[in-house]
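See below for the structure under consideration.
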Amino acid sequence: METEMFIADVRPTDYAVIVETSGTSGVCKQVPLTHSAVIRFGEQMCFLIGDNGSPFYNDRFFGWFPGFPSVYPCSGITRIALDARENNLPPILDVIRAEGCRSAYLVPNEIEDVSQSGVTLDEPDMLEVVLTGGQPIVKNSMRIIGSLTKKIVCRYGMSETMCICHLSADGQGQFQDHCVGHPMPSYHVRVVDDIGRDVRVGVKGSILVKGDGVFEGYLGDSPKLRAIKTKKDVQLTVHNGREETNIVGKWSDEGRFNQAAFTDDRWFQTDDVGFFDSAGMLFVDGRGSDAIMHGDEILYPHWLEQIARGCPAVHDVVIVPVKDPVLFHEICACIKPSEGFQDPMSEIQTFMSLQFAAVPHEECSVEPKYYLLFDTFPVNKNGKLNRRKLSRQAEVLLQL
């Protein structure tokens, strides 16, 4: 009531936000999203959770697209998130019960935590739906059906595409590991071989997607900004760290997009590997690159390796993913130790533990869980490091 209203020169096709993601090279890429795209994603989320007006528990990071504030503008339902500044956060189920939530977004490791707690929800408090995603989903996540929620909806998507596919299950027997269901309306999905030909049912290949929600391209290194004209005497203040500025801008494409992520006929290359079954259901096995899918985070090993190489006891290091039943991948540091250290393993573990700040949730840490010593690393016929073979060797040594 105390703020004078004004109408800004902003259109649905203007860019509202830039979401950062990671590419196969490990360099963060910038995904510009329009106002229209933000609303489209909010509508998708409302569709998936079956919006009935009750509060929606979603404690995902605001900077990760599933946590970006897009549901409220579309439906007005209350979003419940925890205050991470508190050291003693209440249990998730206590929050859900106290706030009267009927839907929740839980990543698989959160589902595992609440499942292992042994706590259940009575019928009046039971969730109508748990939405999950961010990594390949396995049957263990379905155990909460009937005790915490009436059904689970798995979503498959990314910042560049929003939600591509979804699968709803109200019983454990309806679900198969890594299944993400059928494409969303207005989305088309292909699975192709190395030369771009569609593969047969049951054959794994690279996943391509096309649809109304797919972005136009990554933002270039030098995006231009142009001022938005506002009503006279009305100022908007943008907080930028410790500095403040009264400049307001919006992004202009002007040929700044990087089109390398698309095929010539505009199919987006997801870098994911999967296959279709005979019923047209898509199964996603994970990234085709060297990415480590650590819970809902996608990590690229090169920067972790740079940190580890700062330890005098490390002659060489390769960070690889190893299997984990909850997080899908755990982080394993394969080390060639330097000479002259009586206990290189202790030196390395102590060094690495000092590089990572304490976090409130153990699963958020990207410090390697496992450390293994090697004399040599496997290479391919071209003499290049074979990360996948090293990952398999690590799993054998760890008996995973």
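The values are calculated or read from the model by the stated rules, or taken from the named source; none is laboratory data. Quick caveat, the model's predicted, so the values are computed rather than measured. Using ideal geometry, Cβ is built from the backbone for each residue, glycine included, and neighbour counts are taken over all protein chains shown. These accessible areas exclude ligands, DNA and RNA; they are computed on the full protein's heavy atoms, side chains included. Shrake-Rupley method; radii C 1.70, N 1.55, O 1.52, S 1.80 Å.
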For this session: Order the peptides 330-340, 106-116, 149-159, 386-396 from the highest to the lowest mean number of other Cβ atoms within 10 Å of their residues.
Result: 149-159, 106-116, 330-340, 386-396
Problem set entry | Per-q log10 I(q)/I(0), region 1-155, q = 0.16 Å⁻¹ (Debye; single scatterer per alpha-carbon; no solvent) | -0.97
Problem set entry | FRET efficiency, Leu397 to Arg197 (Cβ-Cβ, R0 51 Å, nearest 0.05) | 0.85
Exercise. What residues have an amide H closer than 5 Å to that of Ser70, excluding those fewer than 5 places away on the same chain, when H is modeled at 1.01 Å from N in the peptide plane?
Worked result: none
For this session: Using only the alpha-carbon atoms of region 169-222, report the extent along each of the three principal axes, biggest first, to the nearest angstrom.
Result: 50, 29, 21
Exercise. Listed here are the pairs Lys151/Lys204; Lys29/Lys389; Lys204/Lys323; Lys29/Lys369; Lys150/Lys210; Lys29/Lys204; which of them are more than 30 Å apart at the Cα?
Worked result: Lys150/Lys210
For this session: Let me know the shape class of region 101-223, please: from the alpha-carbon gyration tensor, a ≥ b ≥ c as square roots of the eigenvalues, rounded when a/c is under 1.5, otherwise prolate if a/b is greater than b/c, or oblate.
Result: prolate
Exercise. How much accessible area per residue does region 50-144 have, in Å², with a 1.4 Å probe?
Worked result: 46 Å²
Seminar exercise, completed: Distance in nm between Asp83 and Asp324 label points, each 7 Å along Cα→Cβ, equals 2.9 nm
Exercise. When the gyration tensor of region 64-141 is built from Cα positions, what are the square roots of 5 times its three eigenvalues, in whole Å, from largest to smallest?
Worked result: 19, 17, 15
For this session: Collect residues whose amide H, placed 1.01 Å from N in the peptide plane, falls under 5 Å from the amide H of Met158; neighbours closer than 5 in sequence don't count.
Result: Ile164
